[in-house]
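Following: one structure in structure tokens, then a few remarks.
The values are calculated or read from the model by the stated rules, or taken from the named source; none is laboratory data. Bear in mind that the values here come from a model prediction, so they are computed numbers and not experimental data. Note that we place each Cβ from the backbone using ideal geometry, even for glycine, and neighbour counts take in every protein chain shown. Remember, those area values only see protein heavy atoms, side chains included, never the ligands or the DNA or RNA. Shrake-Rupley method; radii C 1.70, N 1.55, O 1.52, S 1.80 Å.
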Amino acid sequence: MTHHEHPNVTVVREGFQAFERGDMGWMDQHLADDVVWHVGGNSKWAGAFEGKAKVLEYFGRQAQAMTGPPSSDIHDIVGNDDHVVVLGTASASAADGSGAEWKFVQVFHIRDGKATEVWGMAENDADVDPFLDSLPD
């Protein structure tokens, strides 16, 4: 039996790969102009970033503050015509050698092959927030 992945799942899977290699051109093509990206937690990096330019700026600042973008180990991606849900483990490190690892869930709204809204939640904000707060702005 052949399993065919939903096209929205493919877009999100490719997005994680593009993000990890720092391919902001790919990201630019696959974010809606009016995308809203919600970053969970209580750190100075948390909040809602509205519009493609703000989201890409956030990604760039994050990569500069860390030793590159966080890496992800995807446990599962499920999706349909409206949503894609990603379950995984992420890790990040800073130039000073500090780091954090967390399990996460991200929920994507996808329309016409582009993310229109994204919510990210970590399982242990109490551990991740201090690491994020220690990063330069």
How far, in degrees from 0 to 90, does helix 125-134 lean away from the longest principal axis of the Cα atoms of the chain, to the nearest 10? 60
Phi angles of the stretch 74-84, converted by Karplus (6.51 cos²θ - 1.76 cosθ + 1.60, θ = phi - 60°) into ³J(HN,Hα) in whole Hz with x for Gly and Pro, give 7, 8, 6, 9, 10, x, 9, 5, 10, 10, 9
Residue-by-residue Karplus 3J(HN,Hα) for the stretch 9-20, coefficients 6.51, -1.76, 1.60, Hz, glycine and proline x: 5, 4, 4, 5, 4, 5, x, 4, 5, 5, 4, 5
Just to confirm a number: summing +1 for Lys and Arg and -1 for Asp and Glu over residues other than M24 whose beta-carbon lies under 13 angstrom from that of M24, what do you get? -1
Can you give the convex hull volume of the alpha carbon atoms of the stretch 20-95 per residue, in Å³? 111
Rounded to the nearest whole number, the per residue volume of the convex hull around the C-alpha atoms of the stretch 1-134 in Å³ is 102
Heavy-atom accessible area of the chain with neighbours in place, 1.4 angstrom probe: carbon+sulfur share in percent works out to 50
When Lys and Arg each count +1 and Asp and Glu each count -1, what net charge do the other residues less than 15 Å away from S91, Cβ to Cβ, add up to? -4
For the stretch 56-64, take each phi angle, set θ = phi - 60°, evaluate the Karplus expression 6.51 cos²θ - 1.76 cosθ + 1.60, and give the result in whole Hz per residue in order, putting x for glycine and proline. 5, 4, 4, 4, x, 4, 4, 5, 5
Within the stretch 5-97, trypsin sites (Lys or Arg not before Pro) in DSSP loop having at most 16 other beta-carbon neighbours inside 10 Å: R21, K44
Amide hydrogen neighbours beyond the local backbone of L31, cut-off 5 Å, H modeled: A115
About its Cα centre, how strong a charge dipole does the chain have in debye, to the nearest 20, once Lys and Arg get +1 and Asp and Glu get -1 at the Cβ? 180
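Averaged per residue, what accessible surface does the chain expose to a 1.4 Å probe, in Å²?
So the chain comes to 55 Å² accessible per residue, rounded to a whole number.
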